[in-house]
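Only one structure is covered here, and it is reproduced in the block below.
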Amino acid sequence: MFPSTPAAVAALAVARRFCSPALLNHSIRSYLWGAMYGQAHGIAFDDELYYVSSLLHDFGLTEAFDSHTVPFEEAGGQLAWTFGLGAGWSEERAERAAEIIVLHMRDDISATLDAESHLLQVATSWDVSGWRPEEFPAEERAAILAHYPRLGFGAEVLAAFEDQAGRKPHSAAADSVRGGIAGRIAANPLDT
């Protein structure tokens, strides 16, 4: 089900240590939603790279790694770069993880240009705000949520985005707050 490389195992251990239970489950669900979407659409992707990036993508929202000067996705990307080098990855592979994490909060990236970034964008948009519900059949939703429940994730991520927006008014999180993410989170079909 999950990659079992040393880097993948280490990323899960790091995520378990620093993420809240709700954020950890979100990160795992993001991997699962993206992998499901990728398989359904015939999108070839690097499974280990996507898994590690999914697990680390919101580290900039955690207390230990929240930067007061840069947007959370940039802080998380830098952490992923550092993690990748520590895991024995090349600088190029570590940079890809950083790029995937930064781009998940940017404008939509085409799967043909960057499969892993596209998958993380689709998966996190679905998990956070219910975007593209038709892509995720009810039976698969129920199975994933049974194993990795939301645990109040909507309220937690909204509070984190609002905090980021207050401290970093030019960030993507601030743009999301101004763009009405609170309403989208409240209407997310994963919470109904």
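Here is how the numbers come out for the structure above:
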read-out	value
Protection proxy ranking, peptides 10-18, 73-81, average beta carbon neighbours within 10 Å, highest first	73-81, 10-18
Where region 111-187 is the region considered: accessible area per residue in Å², 1.4 Å probe	47 Å²
Residue-count net charge about Ser53 - beta-carbon cut-off 10 Å; Lys, Arg +1, Asp, Glu -1	-3
Summed residue charge, Cβ within 14 Å of Thr5's Cβ, Lys/Arg positive, Asp/Glu negative	-2
Largest-first ellipsoid semi-axes for the chain, taking √(5λ) over the Cα gyration tensor eigenvalues, angstrom	22, 21, 16
Of the DSSP H helices in the chain, those whose Cα atoms cover at least 20 Å axially and whose Kyte score averages -1.0 or more	21-40, 72-86, 115-129, 153-167
Fraction of accessible area attributable to carbon and sulfur, region 43-192 (%, probe 1.4 Å)	56 percent
Size of electric dipole in the chain: Cβ of Lys, Arg +1 and of Asp, Glu -1, about Cα centre, debye, nearest 20	420 debye
For region 44-189, with +1 on Lys and Arg beta carbons and -1 on Asp and Glu, the positive-most of Leu79, Ala44, Pro189 along the dipole	Pro189
Intensity falloff of region 62-166 expressed as log10 I(q)/I(0), Debye formula with alpha-carbon point scatterers, at q = 0.10, 0.17, 0.22 Å⁻¹	-0.35, -0.99, -1.28
Calculated [θ] (222 nm, deg cm²/dmol) that DSSP helices of n ≥ 4 give over the chain, each run adding -39,500 (n - 2.57)	-20000 deg cm²/dmol
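The values are calculated or read from the model by the stated rules, or taken from the named source; none is laboratory data. What you are looking at is a predicted structure, and each value in this text was computed from that prediction instead of being measured. Cβ atoms come from the backbone with ideal geometry, glycine included; neighbour counts cover every protein chain shown. These area figures cover heavy atoms from the full protein model, side chains too; ligands, DNA and RNA do not enter into them. Shrake-Rupley method; radii C 1.70, N 1.55, O 1.52, S 1.80 Å.
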